[in-house]
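Structure, as structure tokens:
Rule-based calculations on the coordinates, nothing more; no lab input. Bear in mind the structure is a predicted one, so any value in this text is a computation, not a measurement. Note: ideal-geometry Cβ built from the backbone for every residue, glycine included; neighbour counts use all protein chains shown.
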Amino acid sequence: MDETVRYAVGLDVGTENVRAIVATQSKDGKLSVVGYNEAPNMGMRKGILANLAGPADAIDKMLGEVERMSGYEIHSATVSINGAQLLTTKTEGMIAVGTMEHEINEEDLYRVEDVAVTGRVPANREILDVIPFGYSIDGQEGVKDPIGMTGARLEMKASVISALQPNCDNLRKALEGAKLEVEGMVPSVVAAARAVLDEKQKENGVAVIDFGAATTGVAVYEEGDLQYVGVVPAGSNNVTNDLAICLEIDTAVAEEIKRRYVTGSFSGEKDIVIKVNREELTFEREKVDEVVRARLEEIFEKVKKELRKAGYEKRLPEGAVLVGGGAKIRDIEVFAKQALEMSIKIGAPRGLGGVASAVEKPEYATAVGLMLMSIEGGEKLNKKFVQKKQKSKGFLGNLLKKFRF
Ligand SMILES: Nc1ncnc2c1ncn2[C@@H]1O[C@H](COP(=O)(O)OP(=O)(O)OP(=O)(O)O)[C@@H](O)[C@H]1O
Ligand SMILES: [Mg+2]
């Protein structure tokens, strides 16, 4: 058996569900899922913490089970953050790097990043990540990796992802309550994208839509890089709640109707008959479809608006990949294709070993992506960020991931 060199944990703190994954990495780089679990969450509203105790308790209990399953103690994790306040800001910076003979080094990249970021994001925001998507040297654009090149003037264009400071602080506090150290916070939809997209899709242009319980995240990729993140403050629970109100039934019954009978192609013919407390209830198919369609149209119209805001409406050759529990509505891709006017796939993590089949589902995309980012963060730390650690704490501290041997 291959020797395990490290293990990593991804923790998705969703409005309705918390999910975690532990995976090990062997010497040859292979990943194996060795533990996973999900549990209902309490105390979140539209992706944001409404109280600390509910999520802390849910996470603590859920992780206990993951520890038992995997045999690993969990002290830290890469964690999801969500909510309509997540923001991507485009920014640019320029520095002089010396004489024409100067070879651009890592120190120069940190300096130009500092210039590009400082003062560009409002004070009450925490920077989660800076994604450089192009450098230019002495005015020549299109440089992806300037290290070792020569020039006198270095410019950088980047996307800065930020969240409201109190939201980050509260998430950290809740996790402290669950005795967990936060290695890094990543927007749910960005983590999901890490688990379900391939390089070709990201290069050509693609969107990931995380259709969750109370939020719908949108991330757009092009030329290999993240271009935009937006979060619509509505999700699949809105469909359930509308059914409960319009059909005058419990949310549990509405949820059952949604899971068993609703289809995104709206092709179900027969009326819906369900047994509730030994009583048979019949619901008109037409009425159910009307309620569901109205809400889905509203949510996907907002998703379309996000794509428009990002400048990518009808400009994504690889279409969109749907993830999250909401992607499990039967034939949702049929509806999404018509609503967004682009090709749609349902996304699920692939290519992991161990007990991977249990997490190869749309609702596990975020947790898997976070685990992958935790592993990459460790690798990054060795290569790139050691120097930064000595220099500054701030947002860069977020990027500093711990190795666990
Ligand atoms: N089999 C299914 N069919 C239809 N819908 C489903 C199914 N399973 C789960 N869902 C829906 O998926 C949603 C939960 O998705 P998910 O677990 O991704 O949300 P979350 O991450 O907790 O929330 P958010 O991302 O909005 O914070 C619920 O609205 C639930 O009704
Ligand atoms: Mg989610």
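Of everything in segment 1-36, what is within 16 Å of ligand 1 (Cβ to nearest atom), part of a strand (DSSP E or B) and under 19 Å from GLU183 (Cβ atoms)? Give them in sequence order.
Here is the first cut: in segment 1-36, the residues within 16 Å of ligand 1 (Cβ to nearest atom) are 10-21, 36.
Next, only the ones that are part of a strand (DSSP E or B) stay: 10-13, 17-21, 36.
GLY10, LEU11, ASP12, VAL13, VAL18, ARG19, ALA20, ILE21, TYR36 - these are the residues of segment 1-36 that are within 16 Å of ligand 1 (Cβ to nearest atom), part of a strand (DSSP E or B) and under 19 Å from GLU183 (Cβ atoms).
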Return yes when ALA213 is crowded, with 21+ Cβ neighbours inside 10 Å and within 12 Å of the chain's Cα centre (by Cα) and no when it is not. no
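Going by the conditions given, is MET42 in contact with a helix residue (DSSP H, G or I) (Cβ under 8 Å, 6 or more places away or on another chain) and either away from ligand 2 (no atom under 16 Å from the Cβ) or outside any strand (DSSP E or B) (or both)?
Details: in contact with a helix residue (DSSP H, G or I) (Cβ under 8 Å, 6 or more places away or on another chain): yes; either away from ligand 2 (no atom under 16 Å from the Cβ) or outside any strand (DSSP E or B) (or both): yes.
For MET42, the condition - in contact with a helix residue (DSSP H, G or I) (Cβ under 8 Å, 6 or more places away or on another chain) and either away from ligand 2 (no atom under 16 Å from the Cβ) or outside any strand (DSSP E or B) (or both) - is met.
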Tally of residues being closer than 25 Å to LYS144 by Cβ and either of a type in the set (D, E, K, R) or within 14 Å of ligand 1 (Cβ to nearest atom) (or both) across segment 194-217: 9
Could you check GLU256 against (1) away from ligand 1 (no atom under 12 Å from the Cβ); (2) closer than 21 Å to LYS361 by Cα; (3) in a helix (DSSP H, G or I) and say which number it fails? (1)
Return the residue satisfying two criteria in turn: it lies in segment 346-365 and is out of contact with any helix residue (DSSP H, G or I) (no Cβ under 7 Å at 6 or more places or on another chain) and of a type in the set (D, E, K, R), and of such residues it is nearest to ligand 2 (Cβ to nearest atom). LYS361
TYR312 passes all but one of the listed conditions (1) more than 16 Å from ligand 2 (Cβ to nearest atom); (2) hydroxyl-bearing (Ser, Thr, Tyr); (3) in a helix (DSSP H, G or I); the exception is number (3)
Qualifying residues in segment 232-247 (those that are within 16 Å of ligand 2 (Cβ to nearest atom) and of a type in the set (A, V, I, L, M)) - the one nearest to the chain's Cα centre (by Cα): VAL232
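Yes/no per residue for (1) closer than 30 Å to GLY224 by Cβ; (2) β-branched (Val, Ile, Thr):
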residue: GLU248; (1), (2): no, no
residue: VAL253; (1), (2): no, yes
residue: LYS270; (1), (2): no, no
residue: THR282; (1), (2): no, yes
residue: LYS287; (1), (2): no, no
residue: VAL291; (1), (2): no, yes
residue: LYS305; (1), (2): yes, no
residue: GLY324; (1), (2): yes, no
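Say whether the condition of being free of Cβ contacts under 8 Å to residues at least 40 places away in the same chain and in contact with a Gly (Cβ under 9 Å, 6 or more places away or on another chain) is met by at least one residue in segment 70-78.
Taking segment 70-78 as the starting set, the residues that turn out to be free of Cβ contacts under 8 Å to residues at least 40 places away in the same chain are 71, 73.
If we keep only those that are in contact with a Gly (Cβ under 9 Å, 6 or more places away or on another chain) too, we end up with 71.
So far as segment 70-78 goes, yes, one or more of its residues are free of Cβ contacts under 8 Å to residues at least 40 places away in the same chain and in contact with a Gly (Cβ under 9 Å, 6 or more places away or on another chain).
With the condition kept exactly as written, say whether any residue in segment 159-166 is surrounded by fewer than 16 Cβ atoms within 10 Å (Cβ to Cβ) and either within 29 Å of GLY14 (Cα to Cα) or touching a residue at least 40 places away in the same chain (Cβ under 8 Å) (or both).
Of segment 159-166, the ones surrounded by fewer than 16 Cβ atoms within 10 Å (Cβ to Cβ) are 165-166.
Filter again for either within 29 Å of GLY14 (Cα to Cα) or touching a residue at least 40 places away in the same chain (Cβ under 8 Å) (or both), leaving 165-166.
There is at least one residue in segment 159-166 that is surrounded by fewer than 16 Cβ atoms within 10 Å (Cβ to Cβ) and either within 29 Å of GLY14 (Cα to Cα) or touching a residue at least 40 places away in the same chain (Cβ under 8 Å) (or both).
Filter segment 177-201 for residues that are of a type in the set (D, E, K, R) and either in a strand (DSSP E or B) or touching a Pro at 6+ places or on another chain (Cβ under 6 Å) (or both); which is surrounded by the fewest Cβ atoms within 10 Å (Cβ to Cβ)?
From segment 177-201, those of a type in the set (D, E, K, R) are 179, 181, 183, 194, 198-200; that's our starting set.
Adding the requirement that they be either in a strand (DSSP E or B) or touching a Pro at 6+ places or on another chain (Cβ under 6 Å) (or both) leaves 181, 183.
Numbers: GLU181: 13, GLU183: 26.
Ranking the candidates gives GLU181 first.
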